[in-house]
Amino acid sequence: MAKRVRFTSVKAFKEEMENGNIPKARKRVFEYLFYNGPKTGAELDYEMRYPSAHKRLSELRDMTLIQEAGKRSCSVTGKDAVEWDVC
């Protein structure tokens, strides 16, 4: 099943990219969430093979590009965790 594209997220992302406000690491995490979300921080770290991916979540949230999508059991840690997705 194809992921539904959220126009507002694409628009906000493009505007931030054009303004030079999204460093490479944030862009990488945003794009991964866009195509594969929602994910927990630990799932992002594991799946992206990027141990600092979870650190980009609050930065992207503060830019209003992603949001908390709920709570569930993380497939990596087995603990309850916040899952994140694009707005």
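Kindly indicate the residue of segment 9-27 that is within 29 Å of THR77 (Cα to Cα) and without any contact (Cβ under 8 Å) to a residue 24 or more places away in the chain and also nearest to the chain's Cα centre (by Cα) among those meeting that condition.
Only one residue fits best here, namely LYS27.
From the set of residues in segment 38-87 that are more than 9 Å from the chain's Cα centre (by Cα) and closer than 17 Å to GLU16 by Cβ, which is surrounded by the fewest Cβ atoms within 10 Å (Cβ to Cβ)?
ASP62
Considering only residues that are touching a Ser or Thr at 6+ places or on another chain (Cβ under 8 Å) and in a helix (DSSP H, G or I), which ones fall in segment 35-65?
ALA42, GLU43, ASP45
Residues in segment 37-87 that are among the aromatic types (Phe, Trp, Tyr) and either touching a strand residue (DSSP E or B) at 6+ places or on another chain (Cβ under 6 Å) or touching a residue at least 40 places away in the same chain (Cβ under 8 Å) (or both): how many?
Selection size over segment 37-87: 1.
Tally time: how many residues in segment 24-45 are within 14 Å of GLU83 (Cα to Cα) and either touching a Gly at 6+ places or on another chain (Cβ under 9 Å) or of a type outside the set (Lys, Arg) (or both)?
Qualifying residue count, segment 24-45: 14.
Looking only at segment 31-56, which residues are in contact with a helix residue (DSSP H, G or I) (Cβ under 6 Å, 6 or more places away or on another chain) and of a type in the set (A, V, I, L, M, F, W, C)?
MET48, ALA53
Bear in mind that the values in this text are calculations on the coordinates, not laboratory data. Keep in mind it's a predicted model, so treat the numbers as computed, not measured. Every residue, glycine among them, receives a Cβ derived from its backbone with ideal geometry; neighbour counts consider all protein chains shown.
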